[in-house]
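Each remark here refers to the structure printed beneath this line.
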């Protein structure tokens, strides 16, 4: 007779990785390095400039963990319904451990930014402040759909892109002038993160409804939010194609156009395979949207390097 042995607890570092929300870590990392490439020539990364970029990256990762960790610590009961795999909700480590991680991450982000320059300090402090107001009572802006969406695209779109680019230009002794290429990237991220912000709650209807967290999904329904998100992303791609021909960017317009047409086709193809009655499929499509977000930063780097 076989005896079922209890499942082994996950290693702490694996739980920490899940606590950090890997898709946001990847997105933050790509934003830092893409803006570093756009602010200066690539060969500068092998000198002192590269160390400044590395410092900014660590500071931004600390800020990222602070924001997503704080969100989990204020949503433990909701996550037990919506995201029971997350470490605190799953009991892989305690709320006390979570708070220690969050506070340490925030402290690292603040200290590194303060010693790195004004622009990075403004970027990190603004991000932490908005992230705190998003999650922490009594403000808890995530209770209000429009304000919640504004928090996400303000940090991801405006604060991160413009603040980091200004920081990288400043530390390399260049004039802090936002280029047309970065304006185009910023416009894309602002609009695209609106799609992320409204779609992220589609898989979480059950817990949000039970705990009276108002979301656009509960107000409008899954199908309308799904179609609205597709429309927003499609508009982003059309805007990128128009922008690269109208603005004096450093991007190869033909390659940029073909790439966005291919991404639009991939989006349409992938969207047709989603069953909105299956939470797992909705969550998988949400991760696909994040992959499109990642690809945009990579695309800007690659196309910017082409003649």
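The values are calculated or read from the model by the stated rules, or taken from the named source; none is laboratory data. Source: prediction; values computed, not measured. Heads up, the Cβs are rebuilt from the backbone with ideal geometry, glycines too, and the neighbour counts pull from every protein chain shown.
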For residue 107, the lone unmet condition from (1) modelled with pLDDT under 95; (2) closer than 26 Å to residue 11 by Cβ is (1)
Taking the stretch 236-258 and keeping only residues that are within 23 Å of the chain's Cα centre (by Cα) and surrounded by fewer than 14 Cβ atoms within 10 Å (Cβ to Cβ), one is left with 238
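Could you check the stretch 50-70 and list, in sequence order, the residues that are touching a helix residue (DSSP H, G or I) at 6+ places or on another chain (Cβ under 8 Å) and surrounded by fewer than 19 Cβ atoms within 10 Å (Cβ to Cβ)?
From the stretch 50-70, those touching a helix residue (DSSP H, G or I) at 6+ places or on another chain (Cβ under 8 Å) are 50, 52-53, 55-70; that's our starting set.
Of everything in the stretch 50-70, those that are touching a helix residue (DSSP H, G or I) at 6+ places or on another chain (Cβ under 8 Å) and surrounded by fewer than 19 Cβ atoms within 10 Å (Cβ to Cβ) turn out to be 50, 55, 57, 58.
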If we scan the stretch 259-270, do we find a residue that is exposed (fewer than 14 other Cβ atoms within 10 Å of the Cβ), modelled with pLDDT of 95 or more and touching a helix residue (DSSP H, G or I) at 6+ places or on another chain (Cβ under 6 Å)?
no
Selection over the stretch 125-144 where residues are within 17 Å of residue 215 (Cα to Cα) and either modelled with pLDDT under 90 or under 15 Å from the mean Cα position of the chain (by Cα) (or both) yields a count of 4
Listed by first then second residue, the pairs whose first member lies in the stretch 177-200 and is outside the structural domain of residue 154 (by TED's automatic domain parsing) and modelled with pLDDT under 95, whose partner is in a loop (DSSP other than H, G, I, E, B) and surrounded by 17 or more Cβ atoms within 10 Å (Cβ to Cβ), with beta carbons under 9 Å and at least 6 positions apart or on separate chains, are 198/215; 200/215
Residue pairs within 8 Å by beta carbon, gap of at least six or interchain, first lying in the stretch 237-250 and in contact (Cβ under 8 Å) with a residue 24 or more places away in the chain and outside the structural domain of residue 39 (by TED's automatic domain parsing), second loosely packed, with under 12 Cβ neighbours inside 10 Å and part of a loop (DSSP other than H, G, I, E, B), listed first then second, are none
Among helices (runs of 4 or more DSSP H) completely within the stretch 47-101, the ones holding 1 or more residues that are in contact (Cβ under 8 Å) with a residue 12 or more places away in the chain, over 17 Å from residue 21 (Cβ atoms) and assigned by TED's automatic domain parsing to the domain that holds residue 32 are 48-73, 76-82
Every listed condition ((1) buried (at least 21 other Cβ atoms within 10 Å of the Cβ); (2) not assigned by TED's automatic domain parsing to the domain that holds residue 89) holds for residue 128 save (2)
Across the stretch 163-176, the tally of residues that are more than 19 Å from residue 28 (Cα to Cα) and touching a residue at least 12 places away in the same chain (Cβ under 8 Å) stands at 5
